[in-house]
Protein chains: 2
Amino acid sequence: MTTNPPSAAGPSLVNAPNSALFTDQYELTMLQASLHSGAAHRRAVFEAFARRLPAGRRYGVVAGTGRLLESLATFRFDDVQLGFLSDHRIVDDATLAWLADFRFSGSISGYAEGEAYFPNSPILIVESSFAEACILETLILSILNHDSAIASAASRMTGAAADRPCIEMGSRRTHEESAVAAARAAIIGGFASTSNLEAGRRYGLPTVGTAAHSFTLLHDSERAAFEAQVASLGCGTSLLVDTYDVEQGVRTAVEVAGPELGAVRLDSGDLVAQARWVRELLDDLGNHNTKIVVTSDLDEFAIGLLAAAPVDSYGVGTSLVTGSGAPTAGMVYKLVSRQDDDGTFVSVAKAAMNKASVGGLKHALRRLDEHGTAEAEVVGIGISPADDGNDRPLMQEFVRDGVVLPGWTGPEAVVRAAERHRQSIAELPGAVRRLQRGEPVIPTEYEEAP
Amino acid sequence: MTTNPPSAAGPSLVNAPNSALFTDQYELTMLQASLHSGAAHRRAVFEAFARRLPAGRRYGVVAGTGRLLESLATFRFDDVQLGFLSDHRIVDDATLAWLADFRFSGSISGYAEGEAYFPNSPILIVESSFAEACILETLILSILNHDSAIASAASRMTGAAADRPCIEMGSRRTHEESAVAAARAAIIGGFASTSNLEAGRRYGLPTVGTAAHSFTLLHDSERAAFEAQVASLGCGTSLLVDTYDVEQGVRTAVEVAGPELGAVRLDSGDLVAQARWVRELLDDLGNHNTKIVVTSDLDEFAIGLLAAAPVDSYGVGTSLVTGSGAPTAGMVYKLVSRQDDDGTFVSVAKAAMNKASVGGLKHALRRLDEHGTAEAEVVGIGISPADDGNDRPLMQEFVRDGVVLPGWTGPEAVVRAAERHRQSIAELPGAVRRLQRGEPVIPTEYEEAP
């Protein structure tokens, strides 16, 4: 394993593109119409939240906030973006002029990355003019919905794996840039490492990887392949032993690499039974320290079923990067409060069937009992909920008057988020680790100003 | 709707990052070990294919090849990439030197974008040294697996929609770069337009969008919001009428915009019943030309159920960008043939349980009956299958000796792929349009050299 400590120079965003057009057209047509009516300049509060968790899930894990804050820096309408909007007459000249000058000048607060969340947790709150908050909608939701879906799945997997490390290796099953974000979210959700090199470079994540079946097939024999791998990568490497016959593969691996062979990898078949006899065989051959890595369409349930098998680590791909059945977190971004012409704030909410929202600026805390175990998610509407002394405030400040506050971006933010994830899950009732479908592990309660 | 014709200057790849590290670490450790053993230089044939379609699907649609060919140009190990690999000792100096000089010099062929595919269709074939083909694996699979999953879902939706246009509006439900690729894949799968501005800019796709609930809530009344929108965007715009009461919303929309109101959008409730009485109400009010756009968690089944309702177009989000239950196409990339030391090619295949592959260089054609209807996917192993005169060869040449051939990249490729998709689906048996779970609509048959 190669561990990549965060560079002292901070995050290296060489691949950071301009993010301004990661935006639905209607954000800009709304901007145009509201500039025309003058309402664009009304102060507004938008809130990102999930009406519900994916079916049967007991909690979600926030991720993506750091990436969002990094992307704010490239949300600029430069010549390329303005030229496109102008050439295709997507917005009028007044709107183009406004966009050319755009720098986000508002404030953003919410749940820190790694924090558990529940239905209607106020995960991100944007306070600014309507215009500024409106045009960020698509980017905010893209990032939070993707990254939180992956972190939430990762958390269930690492819970099932308990003390055994999980390795993220799903890059090939998702879009190439999603893969980088997924690796980052997996680490936040408790994974130990990733196969994705760009994620290693960009976020200082630990990266791992040795060889695939093609490497064995390339050589004239499995033995020749193992010899080549050990000669180049050392006997501490992991040898993939299931290209032909697993028992013969294990014997050859031990013969070639000797007692210090790092690990064997099993990628097919009945992994529970196989891990048992491979462990026995390794022990019989004297390779007590050689570990067993399993990969092969694992998800949290397969990991749980392997708990009693002598496995040392889990490599997870498809099911992690597709959110294990819930590839998007289903968060929405709603206007909850805005100024009237006389400057007073008015709570607003739509009444549309099955999509009703709760108006008003939200605050939140996690209500804890005397043992420090969470009892409820308390959301205050327009007020800070009463804290009985044990409770933990959840709202963090990320951006103040257009300035991103330190500590929420770059490799540092990922390290902090992974630690926060551990603490946040540990604080929840034990049922949080149940994989079976159920209700959220704590209820969401509201407090309103009297 | 704003239609963005492809720019005469070709694709504008301003956001194109360096793609070299969108790569699993093991591709580079295999490279190192094979450079060490010398096997890296053996000529090799890799094949990307899907062992099976997602459960119950009757066909898949290839997408991503154009993006892959565009990404090849940025697959370069420059100072940033080499510095990362060197600093973290991921590969040795000999490997770094090889990577610094890397330019893909092999050949790539396969199924054109928009083509239907089936289990074991040889979708992409890479012929080069083992080293060159190996390090492209992750990028190839990321792009093909993501984009084909979206195009396959899109195709089912546009089939269900028949002559009514589908609008892609899922950007907020997926990673911000996936959203751009998803919009591109949706257009290949038959969608008419997208809300995603970056996709419009990069690929010349038609973009659309008007307003959200927040725009109504921003204003002092629904009437004030509609007046602001019509004043700025004209009466041909779409007004969202379900923020408060739908009937009142429709009446206000017609009062504000008059008989030339372009469309009303319905985004909640029982869309079938609602579309019926909204159509009647619009007609009663004299707005016979005002269209009805429906959005709200639509998928191919919901679209099918709306076939008998008076709906004019469908906006599709979440379910499209998550592949409608199959967020990844499940393609794999396997070494199927490679040289021996004496230069002869040897077919290779792994025997691993439940993951067996078929060795040998593949060719493919679609067997057609005398009416031009597809009967079988015929895959030749090491030979071109016999063509009875009606059959359609499927293999296209994309890259020859490192040079990307014209016509397969940029906006032009998307237009061609969308047309090819129409033709490819039209050629399949009628059961291709059945949404119910079933077997692939044509069988895959093999032909081997005698």
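Overall dimensions of the range A:162-324, expressed as equivalent-ellipsoid semi-axes from the Cα gyration tensor (√(5λ), whole Å, largest first), are 26, 18, 14. The amide H of A:Thr210, built 1.01 Å from its N in the peptide plane, has B:Tyr26 as neighbours under 5 Å, considering only residues 5 or more places off or on other chains. Peptide B:203-214 shows a mean partner chain C-beta count of 6 within 10 Å per residue C-beta. Of the accessible area of the range B:160-320, computed with a 1.4 Å probe over protein heavy atoms only, carbon and sulfur atoms account for 50 percent.
Each Lys and Arg adds +1 at its Cβ and each Asp and Glu adds -1 at its Cβ; summed about the Cα centre, the protein assembly as shown shows a dipole of about 640 debye.
If I take R0 = 51 Å and measure r between the Cβ atoms of B:Gln423 and A:Asp220 in this structure, what FRET efficiency does the formula 1/(1 + (r/R0)^6) give, to the nearest 0.05?
0.70
Filter the trypsin sites (Lys or Arg not before Pro) in the range B:74-110 down to the DSSP loop ones having no more than 12 other Cβ atoms within 10 Å, then list what survives. When the trypsin sites (Lys or Arg not before Pro) of the range B:74-110 are filtered for loop state and at most 12 Cβ neighbours within 10 Å, B:Arg89, B:Arg103 remain. Determine the percent antiparallel among the DSSP beta bridges restricted to the protein assembly as shown, to the nearest 5. If we restrict to bridges inside the protein assembly as shown, about 65 percent are antiparallel.
Here the contact order of chain A, divided by its residue count and restricted to Cα pairs under 8 Å and six or more residues apart, works out to 23 percent.
For the range B:326-435, the residue among B:Pro327, B:Val378, B:Thr409 whose Cα projects farthest onto the positive side of the dipole built from Cβ charges is B:Pro327. Interface residues of the range A:128-147, defined as a loss of at least 50 Å² in heavy-atom accessible area between the chain alone and the complex of all protein chains with a 1.4 Å probe, are A:Ser142. For B:Asp312, inter-copy separations between label points set 7 Å beyond Cα along the Cβ vector come to 6.6 nm, shortest first.
Distances between placed amide hydrogens fall under 5 Å for A:Glu375 paired with A:Arg367, A:Leu368, A:Asp369, all partners being 5 or more residues away or on another chain.
Over the range A:162-324, with the other protein chains present, what is the accessible area per residue in square angstrom, probe 1.4 angstrom?
With the other protein chains kept in place, the range A:162-324 gives 29 Å² per residue.
Chain B residue nearest the axis that carries B onto A, by Cβ, with distance in whole Å, is B:Glu177, 2. In this simple spin-label approximation, B:Arg43 and A:Glu370 carry label points 7 Å from Cα along the Cα→Cβ vector, and these lie 8.0 nm apart. Rounded to the nearest angstrom and listed largest first, the equivalent-ellipsoid semi-axes of chain B from its Cα gyration tensor are 46, 26, 17.
Subtracting the Cα-Cα distance of A:Thr444 and A:Arg251 from their residue separation scaled by 0.36 nm leaves 63.9 nm. On a per residue basis, the range B:361-445 carries 50 Å² of accessible surface, using protein heavy atoms and a 1.4 Å probe.
Ordering B:Ala100, B:Ser357, B:Asn145 by Cα displacement along the dipole of chain B toward the positive end leaves B:Ser357 in first place; charges were set at the Cβ atoms of Lys, Arg (+1) and Asp, Glu (-1).
Placing +1 at every Lys and Arg Cβ and -1 at every Asp and Glu Cβ, with all other atoms neutral, what dipole size does the range A:162-324 have around its Cα centre, in debye to the nearest 20? Here the range A:162-324 has a charge dipole of around 500 debye.
Based on the reciprocal of the average 1/r between different C-alpha atoms, the Kirkwood radius for the range B:346-450 equals 16.3 Å. Shown for chain A are the DSSP H helices of 20 Å or more along their axis, judged by Cα atoms, with a mean Kyte-Doolittle hydropathy of at least 0.5: A:137-161. For the chain pair B and A, buried accessible area totals roughly 8600 Å², probe 1.4 Å, rounded to the nearest 100.
Measuring with a 1.4 angstrom probe and ignoring ligands and nucleic acids, B:Thr409 comes out at about 40 Å² accessible. Listed by chain and number, the lysines whose alpha-carbon sits under 20 Å from that of B:Lys350, ignoring those within fewer than 8 places in the same chain, are B:Lys334, B:Lys362.
Comparing B:Ile303, B:Leu282, B:Ala224 along the charge dipole axis of the range B:160-320, the residue lying farthest to the positive side is B:Ile303, per the Cβ-charge model. Taking a Cβ cut-off of under 12 Å around B:Thr318, the surrounding Lys, Arg, Asp and Glu residues balance to a net charge of -1, with basic ones at +1 and acidic ones at -1.
Select from the range A:357-441 those trypsin sites (Lys or Arg not before Pro) which occupy a DSSP coil region and have at most 16 other Cβ atoms within 10 Å, ordered by residue number. Answer by residue number: A:Arg434, A:Arg437.
Normalised by the number of residues in the range B:160-320, the mean separation of alpha-carbon contacts (under 8 Å, six or more apart) gives a relative contact order of 25 percent. Diffusion coefficient (Stokes-Einstein, Kirkwood radius over C-alpha pairs, 37 °C, 0.692 mPa s) for the protein assembly as shown: 116 µm²/s, rounded to a whole number. Taking max minus min of the alpha-carbon positions on each principal axis, the range A:259-376 gives extents of 82, 37, 25 Å, largest first.
As a size descriptor, the averaged projected area of the C-alpha convex hull of the range A:235-296 was calculated at 3.4 nm². Find out how many positive minus negative residues lie around B:Glu370, taking Lys and Arg as positive, Asp and Glu as negative, among other residues whose Cβ is under 15 Å from that of B:Glu370. Once positives and negatives cancel, what remains is -3. Per-residue mean of foreign Cβ neighbours for A:189-195 is 1 (Cβ atoms of other chains, 10 Å radius). Across the range A:80-236, the mean sequence separation of Cα contacts (distance under 8 Å, 6 or more residues apart), normalised by length, yields a relative contact order of 13 percent. Between copies, the label points of B:Ala231, set 7 Å from Cα on the Cα→Cβ line, lie 7.9 nm apart, reported in increasing order to one decimal in nanometres.
Each of A:Ala308 and B:Val403 was given a label point 7 Å from its Cα along the Cα-to-Cβ line. The distance between the two points is 6.4 nm.
Rounded to the nearest 20, the Cβ-based charge dipole of chain B about its Cα centre (Lys and Arg +1, Asp and Glu -1) stands at 380 debye.
The values are calculated or read from the model by the stated rules, or taken from the named source; none is laboratory data. All figures in this text were calculated on a predicted structure; none of them were measured in a lab. Using ideal geometry, Cβ is built from the backbone for each residue, glycine included, and neighbour counts are taken over all protein chains shown. Just the protein is used for accessible areas: all its heavy atoms, side chains included, with ligands, DNA and RNA removed. Shrake-Rupley method; radii C 1.70, N 1.55, O 1.52, S 1.80 Å.
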